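The values are calculated or read from the model by the stated rules, or taken from the named source; none is laboratory data. Computed from a predicted structure; not experimentally measured. When we count neighbours, we look across all protein chains shown, and the Cβ atoms used for this are built from the backbone with ideal geometry, even at glycine.
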């Protein structure tokens with residue numbers, strides 16, 4: 001049976017997805033935008049905070065290798081991505097990292113097990129999320145850590161500029177769904193949201209420029225941002241979890 005994704009159209013096959021991500025990443029991820037950099041900085045801090053000596057790190061969906069380059073300062077890194085042209089670019093750009101192109105669920109990663117697996121904004125584009133998490137757990141050493149960021153469905157469904165290209169899978173999770181997805185194989189150690197956003201419904205009020213200027217004048221812009229992130233209004237869910 002042909003599976004459906006959130007657009008209501010038939011799910012694109014791997015070839016279509018590969019072509020899309022090759023084009024998209026080389027157009028938008030040569031120089032990551034500010035939101036991507038914030039996500040990357042958050043992930044690097046979480047990995048560094050584990051205080052492991054040269055941990056073996058796997059990055060899933062490494063794109064052009066911009067985050068792998070930063071992670072490589074902490075330990076040896078293997079980066080994977082479905083988009084083969086993007087991986088060729090990454091090999092040239094970040095020679096200190098080992099890159100492997102292909103479907104993560106099918107790849108034979110000979111340098112397993114890993115101490116840390118990182119996944120930045122990949123989970124929403126995976127058809128079988130439970131299988132994805134099982135694969136991550138299987139690749140981790142005992143007590144290994146999984147650092148994952150993914151789109152916060154509550155916020156993105158209240159964002160007017162959301163795009164839904166039919167060439168990719170796109171299925172967002174709520175905070176509760178992400179916790180439930182991880183629970184069978186992982187213990188969640190930290191769960192947060194970052195990057196407040198959204199301009200529809202309640203978020204239109206919460207993120208209104210007038211309200212934020214007034215609040216920032218009283219308590220400071222940083223405090224306002226942190227409060228919204230604490231309340232779950234960040235557009236990105238971030239989790240640090242440990243393999244059970």
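Does the range 198-217 contain at least one residue that is under 17 Å from the mean Cα position of the chain (by Cα), modelled with pLDDT of 95 or more, under 20 Å from residue 123 (Cβ atoms) and not in a strand (DSSP E or B)?
The answer is no, given that none of the residues of the range 198-217 is under 17 Å from the mean Cα position of the chain (by Cα), modelled with pLDDT of 95 or more, under 20 Å from residue 123 (Cβ atoms) and not in a strand (DSSP E or B).
Please find, among 178, 169, 192, the residue that is in a loop (DSSP other than H, G, I, E, B), under 15 Å from the mean Cα position of the chain (by Cα) and farther than 16 Å from residue 159 by Cα.
Criteria check complete, one pass: 169.
Out of the range 152-178, which residues are free of Cβ contacts under 8 Å to residues at least 40 places away in the same chain and touching a strand residue (DSSP E or B) at 6+ places or on another chain (Cβ under 7 Å)?
Within the range 152-178, just 153 meets the criteria.
Can you list the helices (runs of 4 or more DSSP H) lying wholly within the range 1-107 that have 1 or more residues being within 17 Å of residue 117 (Cβ to Cβ), under 16 Å from the mean Cα position of the chain (by Cα) and in contact (Cβ under 8 Å) with a residue 24 or more places away in the chain?
34-48, 66-71
If a residue has to be assigned to a loop (DSSP other than H, G, I, E, B) and surrounded by 17 or more Cβ atoms within 10 Å (Cβ to Cβ) to count, how many in the range 218-244 make the cut?
The number of residues fulfilling the criteria is 1.
Just to be sure, is residue 119 farther than 16 Å from residue 22 by Cα, in a strand (DSSP E or B), in contact (Cβ under 8 Å) with a residue 24 or more places away in the chain and touching a strand residue (DSSP E or B) at 6+ places or on another chain (Cβ under 8 Å)?
Taking the combined requirement at face value, the residue satisfies it.
Give me a count of the residues in the range 122-151 that are touching a strand residue (DSSP E or B) at 6+ places or on another chain (Cβ under 6 Å) and crowded, with 17+ Cβ neighbours inside 10 Å.
14
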